[in-house]
There are 2 protein chains.
Amino acid sequence: MRPSTRSGRRPGDSGTRDRILETARRQFGELGYDRTTVRGIAAEAGVDPALVAHFFGSKQRLFASAVELPFDPEVVLPKLLGGDPATMGARLARFVLELQEAEDTRWRMVGVLRAAASEPEAARIVRERIIAAIFAPMVASLDVADAPLRASLVSAQVVGLLMARHVVGVEPLASIDLETIVSAVGPALQHYLTGPLHGS
Amino acid sequence: MRPSTRSGRRPGDSGTRDRILETARRQFGELGYDRTTVRGIAAEAGVDPALVAHFFGSKQRLFASAVELPFDPEVVLPKLLGGDPATMGARLARFVLELQEAEDTRWRMVGVLRAAASEPEAARIVRERIIAAIFAPMVASLDVADAPLRASLVSAQVVGLLMARHVVGVEPLASIDLETIVSAVGPALQHYLTGPLHGS
């Protein structure tokens, strides 16, 4: 779950780099992409802005590092794909919601979604690292027709769920317990994964 | 579908005001809330920034006017509520998607969603003018348990659908025809409206 650190750095570098990343993640998640600045991140992390640039380059590249997926698709996919295909929707809902329980992970996901609204780089991250890396292989494993459409419908549902719960703050969805949402959203995701898309 | 104009204005005012609103709507939709400026809108509309301030006050108030709902809940609700409750999900999907067919309306909706990611005023507009004005009364008409939760789940699905199709650009959802989406998303919305939320 820790952000990856490049090899060959001195120990002190790694701690500073991690602190910058944690600060960046929270600020991108809380303020949105446009209102977050390298200067503001540096100030809160207690470092010189030049050091942030040294480690990460541009704000866009810092963003990409900060919101790096906190999971490895090769570890996650077998868990989602294992078990009954008829309950894959519920497993996916649980996986997505559990990721939001930890503050660090929630800021990454919320940061990407917030930024995807205005920043093409963030929209690309959503398309490539979430949809192409997780949802598309899930659907492909099911041997169903319309696989690309199903993956995009799953992503629409997941994006909407996270936006409503964590960004727009739609009640009671924003504060209700995880199990209730898994029960409610699981069947809709299951419909997109294996149900009849063109009418029954 | 035209933006409402206050009464008591001279005819020339109304044309200029409408032009500012149309420009604002497109810029908020295209650039997002943070990157849109009163100065930029005034430049494109060919007016002095002071005139924009005269008509609308702050950027936040201009935003609220620009994204005003292009429909009257009192006209829309009877259409959504009329007919078989078992196909209300499909009617809602069609209504939402048809609103996006016209460029002017699409910019309003996309503008609100983009802005809701970073601007509390926009998030409030989503909660009050869309969820409370349309989705909550729809659910209330159905005489089902968990009405507030259902309305929030409907809104999560609709927000996600519009984000994926028009903001993040998830293919094939971004370019596929309306009828296919209505068939695919209708049953998921129907589940949230009338289905068993706590397991069957």
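Structure above, values below:
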| quantity | calculated |
| --- | --- |
| Members of the stretch B:58-76 that are among the β-branched types (Val, Ile, Thr) and at pLDDT 85 or above | B:75, B:76 |
| Test: residue in the stretch A:81-100 that is closer than 26 Å to residue B:167 by Cα, without any contact (Cβ under 8 Å) to a residue 24 or more places away in the chain and either more than 14 Å from chain B (Cβ to nearest Cβ) or crowded, with 23+ Cβ neighbours inside 10 Å (or both) | yes |
| Entirely in the stretch A:121-200, the helices (runs of 4 or more DSSP H) that have 1 or more residues that are within 9 Å of chain B (Cβ to nearest Cβ) | A:147-162, A:178-194 |
| Odd one out for residue A:115 among (1) within 20 Å of residue B:119 (Cβ to Cβ); (2) open to solvent by 30 Å² or more (accessible area, probe 1.4 Å) | (2) |
| Test for residue A:111: is it facing chain B (nearest Cβ under 8 Å) and within 24 Å of residue B:131 (Cα to Cα) | no |
| Search result, residues across the stretch A:20-39 that are within 23 Å of the chain's Cα centre (by Cα), modelled with pLDDT of 90 or more and more than 14 Å from residue A:67 (Cα to Cα) | A:37, A:38 |
| Among the residues listed as A:155, A:175, the single one being open to solvent by less than 10 Å² (accessible area, probe 1.4 Å), closer than 25 Å to residue B:197 by Cα and polar (S, T, N, Q) | A:155 |
| Residues located in the stretch A:32-64, provided they are surrounded by fewer than 18 Cβ atoms within 10 Å (Cβ to Cβ), closer than 19 Å to residue A:107 by Cα and of a type in the set (Ser, Thr, Tyr) | A:37 |
| Count of the stretch A:135-152 residues which are surrounded by fewer than 20 Cβ atoms within 10 Å (Cβ to Cβ) and among the charged types (D, E, K, R) | 2 |
| Filtered residue count, the stretch A:12-31, keeping only those that are surrounded by 15 or more Cβ atoms within 10 Å (Cβ to Cβ) and among the acidic types (Asp, Glu) | 2 |
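Condition check ((1) among the polar types (S, T, N, Q); (2) touching a helix residue (DSSP H, G or I) at 6+ places or on another chain (Cβ under 7 Å)) across all residues:
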| site | (1), (2) |
| --- | --- |
| A:112 | no, yes |
| A:116 | no, yes |
| A:127 | no, no |
| A:134 | no, yes |
| A:158 | no, yes |
| A:161 | no, yes |
| A:180 | yes, no |
| A:190 | yes, yes |
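The values are calculated or read from the model by the stated rules, or taken from the named source; none is laboratory data. Being a predicted model, the structure only gives us computed values, none of them experimental. Quick reminder, even Gly has a Cβ in these numbers, built from the backbone with ideal geometry, and neighbours come from all protein chains shown. Heavy atoms of the whole protein, side chains included, go into the accessibility calculation; ligands, DNA and RNA do not. Shrake-Rupley method; radii C 1.70, N 1.55, O 1.52, S 1.80 Å.
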